[in-house]
Structure formats: structure tokens, C-alpha cells
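Notes to accompany the following structure.
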Amino acid sequence: MRLLVTGGCGFIGSNFVRWILKEHPEDQVINLDKLTYAGNPSNLKDLEDDPRYLFIHGDICDPVDVDEAFSRDPDAVVNFAAETHVDRSIMDPSVFIQTDILGTFQLLEAVRRHQTPRFVQISTDEVYGSIERGSFDEESPLRPNSPYAASKAGGDLMVRAYFKTFGTPVLIVRSSNNYGPYQYPEKVIPLFVTNLLEGRKVPLYGDGMNVRDWLFVEDNCAAIDLILRRGVDGEIYNVGGNREITNLELTKTLLSLLDKDETYIEFVDDRLGHDRRYSLNCEKVRNLGWEARWDFLDGLRYTLEWYRENEDWWRPIKSGEFKEYYLRKYGNI
Ligand code: NAD
Ligand code: TYD
């Protein structure tokens, strides 16, 4: 397969590109990425000289950039490109609407023009909103609560409309919170791990009782790969880690793995509109033959070691654009 991956220099995208070239030695990958603050070409440094890999610097909102990538005639497109951080979407939603909705629209138009055989939209459990008890399945209504989630839901609805209206061969994957190597340190696990490695406190929102379902990034890559090859056009697939835990519990686990006590927790004001709990019913993807392989504690230990051993990856990030964002958001914590 020749795959066009968008957003391949981000966290999940870079793990996915590496996964594909490892699992499918005959495949080729074209990576279209705008290199926003979250896109880091060094995430794929090891593939620079691989003849199966081609990087194109471009924006999914720009039809010229998109056409350049599609002119390579991909067999399928997997769209990871997005603005992804809820807190930034609260500070300024506009770029989320641009990339997550209008960018998705530009890709769908290109799929139609070039008659690309398959388009996989990478989405999130956050489009369903929050759930106190039970789990969302793929038929659950969309009730997004943050500007990020609403933008992703807008993208998903456009994908659905292209299937219903034009018969465009699309699939949607909605996964729960991912963690693992190469995650930008604005997200809770890498933020807390790197803060603790720097000897700083960790800012826990509200009462810390919000629940997230954690999925190791490699398990998500395996699921996306399977859905890309075996999924049914027009269908949606939920992918969760089956590992729900409160943020407080998660924080205590990280503290104990890093030999720190609870004085390192700084309770801070809650996030606006903070979803209480996410939970997914994943029977459909399990029926395709997928299951999460990584135990949560093993995955956390692995991730922690990766951040410990790759300070030269995250230290420059934390001292650049991120430093300004951090100060604005968290002050001196
Ligand atoms: P990320 O923020 O780490 O990376 C996003 C990538 O997209 C970056 O490389 C960035 O440069 C690129 N990008 C942004 N705007 C672009 C544009 N206009 N044109 C081209 N490239 C652009 O994101 P991530 O955490 O790897 O998430 C990837 C996808 O998975 C997103 O669609 C996100 O909504 C979804 N998702 C993420 C999670 C999670 O826990 N991280 C969970 C569920 C779903
Ligand atoms: P995050 O990693 O931003 O992912 P998402 O909002 O997409 O789930 O946050 C995960 C959880 O951690 C969420 O409930 C908010 C919480 N959180 C904190 O308590 N403190 C923080 O500094 C951050 C970034 C998140």
C-alpha cells in the first residue's frame, strides 16, 4: 500500500508511520504535515533516509498542498492532522475550526477528485461528550463540550455526509486518551512526568476525580492499521484502552513510580467545561480481531523511561514556545 498520512510529525502520527513501515515492509508512506508547534520532524529522524518514506511540508487547509500530496496517488489516506489540545481550544478556538473542520473538508474534496480508494478519519471519544455511567457505542449521539471536541465532531459529520451523499469510501476511528513516546508535553502524562523529572510540581485540575480511559499509542496504531485494511466503508470504530482511572489516581501512580510524595500535587482551578468521564464500548473493533496488548502499568513505566532517556527531545520543547504557554496557563507552578 502507498499511504498518505497527514499530521505524521505529531504524537500518534509519528508512532503510526513507524508502525506501518515496521509491520508492512512493502508499504510506502507520504507524510503531509504543516509542522505547527506540535509537529516535530525529529519524531521521525530515524526514517529520513528510508526510501519508503517521503515528507511533504504543507497544510491540509491549502488545496494546492493537498493536491501535491494526492498527486503521488495514494491507495489510502489516514488523517491525523489536527489541533488537539483542549486547553488551547479554550484559549483560542479559531485554528481548531480551520484545521479540524475545514482541513478535513479539503481532504474529502481531494479524495473525491482523485478517487482515492480509502479515507480514514482519526477522531476522538471526546465527540460523544461526558458520561457518568456506562459507555458510548458508535451509535451514541454527539454532544461535544469543548471547542476542540466540537471541531472534531464537525469534521466527523462532514466525513459522514461525504459517505451518504457521494459514496466517498470513508471510515472513522474514535479512540480514547493515548499515551506513550513522543507526546507533546502539554498533555497530562508527559506534562506531569517531565515536571517531576525537573523537580517541579504537577497542576491537577479541580478535585482530580475526572476519569480518562488510557490507551497505549502502539495499541491504537495496531487498531488503526487493522481498521484501515479490514474496516467497512461508512463505519465508525471506537478504540479504547479499557483502563479507566481518575486523574488523582493517575497522578499518585506517577508520583510513586518517580519516588515523589504527594506534596508535589498542586490542585489548581478546574478547566472550563471539563468533561467528567469518558468511556467507550469497543465491541465492534474487537470483532474485527483487535485487543489492547499493553498493560497500563507496563505502558506507563515504558513511557516514563522513554522521557527519562530522551531529555534531548523534550527539554528544547519545554524551553521554547511552550514556556510562554506554560507561564500564561499555570504561572509559576
Ligand atoms: P498532535 O497535536 O501531537 O499532532 C498533530 C499533528 O498535526 C502535528 O504534527 C501538526 O504539525 C499537524 N498539523 C496540525 N495542523 C495541521 C494542518 N493544518 N495541516 C497539516 N498538518 C497539521 O496530535 P496527536 O495527539 O498525535 O493526535 C493525532 C490525531 O488523533 C488528532 O486528529 C486527534 O484529534 C486524534 N486523537 C488524539 C488523542 C490523544 O490522546 N492524543 C486521542 C484521540 C484522538
Ligand atoms: P489532557 O491530557 O489535556 O487530555 P484530554 O483533555 O483530551 O482528556 O487531559 C487529561 C486529563 O488531565 C483531563 O481530565 C484534564 C487533566 N489535566 C490536569 O488535571 N492538569 C493538566 O495540567 C492537564 C494538561 C490536564
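Overview of values
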| read-out | value |
| --- | --- |
| In Hz, Karplus ³J(HN,Hα) per residue of the range 105-120 (6.51, -1.76, 1.60; θ = phi - 60°; x = Gly, Pro) | 4, 4, 5, 4, 4, 5, 4, 5, 4, 8, 6, 5, x, 7, 10, 10 |
| For the chain, the spread of Cα positions along each principal axis, largest first, Å | 57, 45, 37 |
| Mean shadow area of the range 69-174, taken as a quarter of the surface of its Cα convex hull (nm²) | 6.9 |
| Cut-off under 5 Å, modelled amide H: who pairs with Phe136 long-range | Ser279, Leu280, Asn281 |
| Hits among lysines - C-alpha to C-alpha of Lys22 under 17 Å, sequence gap 8 or more where chains match | Lys45 |
| Euclidean distance of C-alpha centroids, the range 272-333 and the range 76-150, integer Å | 18 |
| Candidate lysines - alpha carbon under 29 Å from Lys329, same-chain residues fewer than 8 apart omitted | Lys34, Lys152, Lys187, Lys201, Lys252, Lys260, Lys318 |
| Estimated inter-spin distance, Leu142 and Phe166, nm [label 7 Å along Cα→Cβ] | 1.7 |
| Paramagnetic reach from Val268 in the range 178-200 [backbone N under 18 Å; point 7 Å along Cα→Cβ] | 184-200 |
| Val239 long-range amide H proximity, modeled H, under 5 Å | Arg174, Ser175, Ser176 |
| CD proxy at 222 nm, helix term only [per DSSP H run n ≥ 4: -39500 (n - 2.57); per residue of the chain; nearest 500] | -12000 deg cm²/dmol |
| Additional length obtainable on full extension of the chain from Thr246 to Arg2, 0.36 nm per residue less Cα span | 83.8 nm |
| Kirkwood Rh and Cα Rg combined as Rg over Rh, evaluated for the range 256-333 | 1.06 |
| Accessible area per residue in Å² at 1.4 Å probe, computed on the chain | 43 |
| Directionally averaged shadow of the range 86-139, computed from the convex hull of its alpha-carbon atoms, nm² | 5.3 |
| Contact order normalised by residue count of the range 177-333, Cα under 8 Å, 6+ apart, percent | 36 |
| Cα gyration tensor category, rounded, prolate or oblate, for the range 166-223 with a/c compared to 1.5 | prolate |
| Residue-by-residue Karplus 3J(HN,Hα) for the range 314-326, coefficients 6.51, -1.76, 1.60, Hz, glycine and proline x | 8, 4, x, 5, 5, 9, x, 3, 4, 4, 5, 4, 4 |
| Fraction of accessible area attributable to carbon and sulfur, the range 240-322 (%, probe 1.4 Å) | 42 |
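The values are calculated or read from the model by the stated rules, or taken from the named source; none is laboratory data. Predicted, not measured: the structure shown is a model, and the values here were computed from it. Cβ sites come from the backbone with ideal geometry, for glycine too, and all protein chains shown count toward neighbours. All accessible areas refer to the heavy atoms of the entire protein, side chains included, with ligands and DNA or RNA removed. Shrake-Rupley method; radii C 1.70, N 1.55, O 1.52, S 1.80 Å.
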